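These notes are about the structure you will find just below.
The values are calculated or read from the model by the stated rules, or taken from the named source; none is laboratory data. Nothing here was measured: the structure is a model prediction, and the numbers come from that model. Cβ atoms come from the backbone with ideal geometry, glycine included; neighbour counts cover every protein chain shown. The accessibility values were calculated without ligands, DNA or RNA, using every heavy atom of the protein model including side chains. Shrake-Rupley method; radii C 1.70, N 1.55, O 1.52, S 1.80 Å.
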Amino acid sequence: MIDRDHDLPITKQAAELGISRGSVYALPRPVSAADLKLMRRIDELHMDYPFAGSRLMQKLLKREGYETGRLHVRTLMKGDRSMSSPLNFDGAGGFEKGKTGSDENCRRGGSLGG
């Protein structure tokens, strides 16, 4: 995409591609070991509770002893697009089976189980 050795300045290359100049210079930060552990647990919980948003997920994590805020949980959940719910709200006050949903997930409704 961006060729740092090209005669065209990086600023103009970024403008041509429609991306911000700052994103060209920004380097991605490595994910901490604690966040990787938390993301793994969020993924495991999501398999049991596919309907859980960041608020419920934060409460489930707190029950297990993880001390983290809802906004951090939301950020970690956004990082993994596979965490989107397999159920789709049908707009009529209920849920319908989504493309990746299973009958078991649909029957589960919204309960937390035992």
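When segment 22-38 is limited to residues that are modelled with pLDDT of 85 or more and of a type outside the set (Val, Ile, Thr), the one that is farthest from Tyr66 (Cα to Cα) turns out to be Pro30.
Check segment 1-19 and report whether any residue there is in contact with a Lys or Arg (Cβ under 6 Å, 6 or more places away or on another chain) and without any contact (Cβ under 8 Å) to a residue 60 or more places away in the chain. Taking every residue of segment 1-19 in turn, at least one turns out to be in contact with a Lys or Arg (Cβ under 6 Å, 6 or more places away or on another chain) and without any contact (Cβ under 8 Å) to a residue 60 or more places away in the chain.
Scanning segment 28-50 for residues that are part of a loop (DSSP other than H, G, I, E, B) and touching a helix residue (DSSP H, G or I) at 6+ places or on another chain (Cβ under 8 Å), we see that the one that is least open to solvent (accessible area, probe 1.4 Å) is Pro50. Kindly indicate whether any position in segment 71-83 is modelled with pLDDT under 50, open to solvent by less than 40 Å² (accessible area, probe 1.4 Å) and part of a strand (DSSP E or B). No.
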